[in-house]
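The values are calculated or read from the model by the stated rules, or taken from the named source; none is laboratory data. What you are looking at is a predicted structure, and each value in this text was computed from that prediction instead of being measured. Note: ideal-geometry Cβ built from the backbone for every residue, glycine included; neighbour counts use all protein chains shown. Side chains included, ligands, DNA and RNA excluded: accessible areas come from the protein's heavy atoms. Shrake-Rupley method; radii C 1.70, N 1.55, O 1.52, S 1.80 Å.
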Amino acid sequence: NNTFITTSGTTDGAGTGIYGNSLVDNVIVSDNLCKNWNHLVLSGDASYWSVCGNNIAETGDSSIYLKGLHHTITGNVIKRAGKDGIKIRPTSTGSTITDEGYSTISGKFVSDP
């Protein structure tokens, strides 16, 4: 139940609203208002993230951007994503790519690109 809004009032790529970078698994990001950021959630090679019930608007890039396995993304409202509304990327170590499978995306999704 947090609010993350930049003061510029525009989508200017002002970093990331909620940022998790490393191998932290089992993170819950829920019921937040996030506006005018570059990303809402960015995780680095982590798994089992739950991103639920967030209201996201005016992102400069992807609104929800995750790496890793077994994510649950549900019930989020996304408006005016600069690039992808939801993006799940494969993780890699050198030339070895680990599949980003086993994630669930469901519920409300509103996009006005």
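General remarks:
- Within segment 1-33, the set of residues being crowded, with 17+ Cβ neighbours inside 10 Å, assigned to a strand (DSSP E or B) and at pLDDT 85 or above comprises just one member, Val29.
- Whichever residue in segment 44-71 is surrounded by fewer than 17 Cβ atoms within 10 Å (Cβ to Cβ) and among the hydroxyl-bearing types (Ser, Thr, Tyr) and, among such residues, is farthest from Tyr19 (Cα to Cα): Tyr48
- Residue pairs meeting the criteria (Cβ under 7 Å; at least 6 apart or on separate chains; first among the charged types (D, E, K, R), in segment 51-64; second open to solvent by less than 10 Å² (accessible area, probe 1.4 Å)): Glu58/Asn36
- The set of residues in segment 89-107 being surrounded by 15 or more Cβ atoms within 10 Å (Cβ to Cβ) and either at pLDDT 85 or above or of a type in the set (Phe, Trp, Tyr) (or both) consists of Ser103, Ile105.
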